[in-house]
Each structure stands twice: as C-alpha cells, then as structure tokens.
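Undergrad: So that we are looking at the same thing, I have put the structure below in structure tokens.
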Amino acid sequence: MNFLKKNRIYVVLLAVLAIIFLLPGLKEKIRNQLFPEAIIREAVRLPEADYDITLKGINVPDSNLKNFYGKTVFLNFWGTWCPPCREEWPTIQQLYDAKKGKAAFVLIAMQDREESVRKFLADNHYTVPVYIAESPISEKILPKSFPTTFILKDDGQFMERKDTSFDWNTPEIHMLLDKAAP
C-alpha cells in the first residue's frame with residue numbers, strides 16, 4: 001500500500017502511456033493534434049528565387065524552372081544509371097498521362113549524358129518532359145540520393161517529398177494533385 005501512495009504519479013503516468021500506445025488510432029490522433037501536418041508542410045517552402053534553374057529540354061523545348069512557379073510542379077531528379085529511378089518510371093508516365101493538365105512535370109536527369117537520356121526515353125516510349133540542369137540547383141532541393149521527387153504547390157510549398165523509388169500512380173497522389181491544382 002505504501003508503494004502505491006509513494007508512486008501514484010508514476011503509476012498514473014504509466015497507465016496513460018499504456019492507453020495511448022495500446023488503443024488503435026489514439027497515438028496518431030494525438031500526434032496530429034500536437035504536430036499538425038499543415039504546419040509542418042507550411043514550414044517547408046521553396047522560395048521563388050530558388051526556382052531559377054536553366055533547363056535544357058531533352059524531349060521538350062528548353063526552359064527555366066522559374067517558368068513553372070505559380071503552378072503545381074511534380075519535380076523528379078533521376079538518372080538512366082539508377083535502377084530505382086528506372087523502376088519508378090512507368091508509374092510516373094502513368095501519372096503524367098492522367099494529370100498533365102493538373103501539374104507541370106519536370107524530370108531532371110542528373111549525372112547523365114544527353115544521348116543516354118534520349119535513348120532511354122525513346123526505347124521506353126516515355127513522353128514525360130525531361131531536362132538537364134544547366135545552372136546550379138538550390139541546396140533546398142539538390143538530391144542526396146536518387147531518385148528524389150518533390151510535389152510543389154503553386155507557391156513553392158512542399159506537398160510531398162520522396163527520396164526513394166515510389167509508385168506515383170496511386171489514388172492518394174492523384175487526389176493530392178487534384179487538391180493542389182489552382
């Protein structure tokens with residue numbers, strides 16, 4: 001009995017923690033209340049000045065990333081030499097075919113030769129717009145691994161970021177692009 005009186009606070013705290021971690025969904029609900037996704041996403045934004053990247057078009061005309069500011073952008077960094085990049089390409093093409101009117105697609109081939117990129121696109125009948133960067137890329141989006149993909153809202157807000165191969169043709173990604181489109 002003395003033990004319970006002395007350690008009442010610890011017993012109550014342990015009981016509360018046990019309830020939080022054992023009840024399905026409660027942990028997630030508390031996390032969302034304490035750290036709302038909107039606040040986290042709002043904090044990560046690519047400023048308009050960082051969009052200034054000269055892009056040499058491979059299967060589209062030359063451009064600059066700043067021409068896409070004000071639009072939802074699917075921005076992917078990849079290379080023909082990268083097996084995980086090649087693995088996700090079919091789902092990117094499917095997403096592009098379905099959502100090219102809802103978002104700008106900008107795929108930047110990195111550490112690659114133009115001839116290799118052209119051959120890869122032609123051999124696989126890919127039509128997603130591909131570029132090679134001809135000017136420095138902002139540290140905020142410069143990939144550390146490949147593939148790296150961002151979905152940027154029209155004001156540069158990061159809506160999604162993946163540093164790995166991913167199935168981009170999912171209902172969740174379709175809804176995200178529909179929701180983001182102005």
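The values are calculated or read from the model by the stated rules, or taken from the named source; none is laboratory data. Since the model is a prediction, treat every value here as computed from it, not as a measurement. All Cβ positions, glycine included, derive from the backbone under ideal geometry; neighbour counts span all protein chains shown.
Undergrad: Looking at region 120-136, can you tell me whether even one residue there is closer than 20 Å to ARG161 by Cα and touching a Pro at 6+ places or on another chain (Cβ under 9 Å)?
TA: The answer is no; no qualifying residue exists.
Undergrad: Which ones in region 22-71 are at pLDDT 70 or above and aromatic (Phe, Trp, Tyr)?
TA: Within region 22-71, TYR51, PHE68, TYR69 meet the criteria.
So that you can scan it fast, the table gives a plain yes or no per residue for (1) among the charged types (D, E, K, R); (2) over 28 Å from ALA49 (Cα atoms); (3) in a loop (DSSP other than H, G, I, E, B):
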residue: GLN111; (1), (2), (3): no, no, yes
residue: SER135; (1), (2), (3): no, no, yes
residue: GLU139; (1), (2), (3): yes, no, yes
residue: PRO143; (1), (2), (3): no, no, yes
residue: ASP154; (1), (2), (3): yes, no, yes
residue: PHE166; (1), (2), (3): no, yes, yes
residue: GLU172; (1), (2), (3): yes, yes, no
residue: LYS179; (1), (2), (3): yes, no, no
residue: PRO182; (1), (2), (3): no, no, yes
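Undergrad: Counting just the residues of region 133-164 that are more than 22 Å from LYS102 (Cα to Cα) and small (Gly, Ala, Ser), which one comes out farthest from the chain's Cα centre (by Cα)?
TA: Step by step, filter region 133-164, then rank; the result is SER135.
Undergrad: Consider only pairs whose beta carbons are under 8 Å apart and that are at least six residues apart or on different chains; among these, list those whose first residue lies in region 164-176 and is among the aromatic types (Phe, Trp, Tyr) and whose second residue is surrounded by fewer than 18 Cβ atoms within 10 Å (Cβ to Cβ) and in a helix (DSSP H, G or I).
TA: PHE166/THR91; TRP168/THR91; TRP168/GLN94
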